[in-house]
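The structure under discussion appears below in the form of structure tokens.
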Amino acid sequence: DAGATTVMFPFVQNADEAARAVAATRYPPQGVRGLSAMSRASRFGTVPNYLANANRSMGVIVQLESAQAIKQLEALAGVEGVDGLFIGPGDLSASMGHVGQSSHPAVMDLMSQAVLRCKALGKPIGTIGGDPESVAQYRAAGFDFVAVGSDLGLFMQGARSAIAALRTPGSEHVHSVSSGTRGY
């Protein structure tokens, strides 16, 4: 109701969960989404025929974040209303016993197999990479879309860069504000 036209559902494990995710985005009789004539999605009731057309304009992406979910890929992708799949490499690697090693060869192999299976089904598949190297690997593997980092990760990267710049030689004139000293 906030206006999103595509919703990604995390940790979907099977076709039943995928069907429930789709139903949550659809108004009756195709789903269970609650009706509100004055939501932001309908521009507060000003979009003509919004309730009649909204179901057709919703997108659903399901996140596969375990080896078990990858085994169910065809069943998940076959659920009507599932428009794409997304592999969460961090959780996938953990489910495979490679905690914190999302680029482990076994993880990369399973992800590459999932890409091929999605291509055979005609379903788009995406993932996320935390650095340019992993993004390049995922693109080379054939992923249709790849998120680059996260909002918090990008924020922290900028903060680290700013701190490093302040600590470089020649920046002695900059004083810490937290020490109560102002350096102008």
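Scanning the stretch 99-122 for residues that are closer than 19 Å to residue 66 by Cα and assigned to a loop (DSSP other than H, G, I, E, B), we see that the one that is most open to solvent (accessible area, probe 1.4 Å) is 99. Within the stretch 79-96, identify whether any single residue is open to solvent by 40 Å² or more (accessible area, probe 1.4 Å), farther than 14 Å from residue 11 by Cα and among the small types (Gly, Ala, Ser), and answer yes or no. No, the conditions are met nowhere in the stretch 79-96. If you take the residues in the stretch 127-144 that are open to solvent by 30 Å² or more (accessible area, probe 1.4 Å) and in a loop (DSSP other than H, G, I, E, B), which one is farthest from residue 10 (Cα to Cα)? The extreme case among them is 131. The set of residues from the stretch 4-44 being within 14 Å of residue 56 (Cα to Cα) and assigned to a loop (DSSP other than H, G, I, E, B) comprises 4, 5, 25, 26, 27, 28, 29, 30, 31, 33.
Being out of contact with any strand residue (DSSP E or B) (no Cβ under 9 Å at 6 or more places or on another chain) and either open to solvent by less than 50 Å² (accessible area, probe 1.4 Å) or under 30 Å from residue 55 (Cβ atoms) (or both) is a property that residue 65 lacks.
Taking the stretch 65-111 as the region of interest, how many residues are on the phi > 0 side of the Ramachandran plot and without any contact (Cβ under 8 Å) to a residue 12 or more places away in the chain? Number satisfying all stated conditions: 2.
The values are calculated or read from the model by the stated rules, or taken from the named source; none is laboratory data. Predicted model only: the values in this text are computed from it and were never measured. As a convention, Cβ positions derive from the backbone with ideal geometry for all residues, glycine included, and neighbour counts pool all protein chains shown. The area values use the complete protein model at the heavy-atom level, side chains included, leaving out ligands, DNA and RNA. Shrake-Rupley method; radii C 1.70, N 1.55, O 1.52, S 1.80 Å.
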